[in-house]
Amino acid sequence: MDQPALLLEELREQPVVLDVVSPYVIIGTLTGWDDRYLTLKDADVHDLRDTTTTRELYVLETRRFGVRISRERVLVKLNEVVTISALADVLD
């Protein structure tokens, strides 16, 4: 298993934050992946254009108050993901 796959394996079944190239932030529980997609369950796909809240503040509020689930399951194209981190790693 290569290094990125090992790191993803550590995040499996944990709530994660995906920063993507579009003006969205996606937060949910990582359940799997392949060479094209990440799969999340109990996810929030948040369009930052719909709010005055910054990406950082939205993620911090989600860390404090929990994920606002808007999707039972979502597939995210890997080539759209800029960063992935555990929600638990978000610092105040």
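Given R₀ = 25 Å, what would the calculated FRET efficiency be for Asp89 paired with Thr52, taking r from the Cβ atoms and rounding to 0.05?
Here the calculated transfer efficiency is 0.50.
List the residues whose amide H sits under 5 Å from the amide H of Ser70, counting only those 5 or more places along or on another chain, with H placed 1.01 Å from N in the peptide plane.
When sequence neighbours closer than 5 places are left aside, the close amide H contacts are Ala43, Asp44, Val45.
Amide H to amide H, which residues 5 or more places from Gln14 or on other chains are under 5 Å from it, using H placed in the peptide plane?
Result for Gln14 returns Leu30.
Most fluctuating residue of Leu57, Leu11, Leu48 in a GNM of the chain with Cα springs under 10 Å: which is it?
Leu57
Which of the chymotrypsin sites (Phe, Trp or Tyr not before Pro) found in the chain are loop residues per DSSP with 10 or fewer other Cβ atoms within 10 Å of their Cβ?
none
Among Val16, Ile69, Val81, which residue has its Cα furthest toward the positive end of the charge dipole of the chain, with +1 on Lys/Arg Cβ and -1 on Asp/Glu Cβ?
Ile69
Of [x] 21.3; [y] 18.6; [z] 13.2, which is the value of Kirkwood radius over Cα pairs in Å derived from the coordinates here?
Working out Kirkwood radius over Cα pairs in Å from the coordinates points to [z].
So what's the net charge close to Trp33: Lys and Arg +1, Asp and Glu -1, counting the other residues with Cβ under 14 Å from its Cβ?
For residues surrounding Trp33, the net value is -2.
Separation between the Arg73 and Asp34 pseudo-spin-labels, each 7 Å from Cα along Cα→Cβ, expressed in nm?
1.3
Enumerate the calculated ³J(HN,Hα) couplings along the stretch 76-92 in order (Karplus 6.51 cos²θ - 1.76 cosθ + 1.60, θ = phi - 60°), each rounded to whole Hz, writing x wherever the residue is Gly or Pro.
Karplus-based 3J(HN,Hα) across the stretch 76-92 equals 10, 5, 4, 6, 9, 7, 8, 9, 9, 8, 5, 4, 5, 7, 6, 9, 5 Hz.
Computed from the coordinates by the stated procedures, all read-outs in this text should not be read as laboratory data. Note that the structure is predicted; figures quoted are calculated from it, not measured. Heads up, the Cβs are rebuilt from the backbone with ideal geometry, glycines too, and the neighbour counts pull from every protein chain shown.
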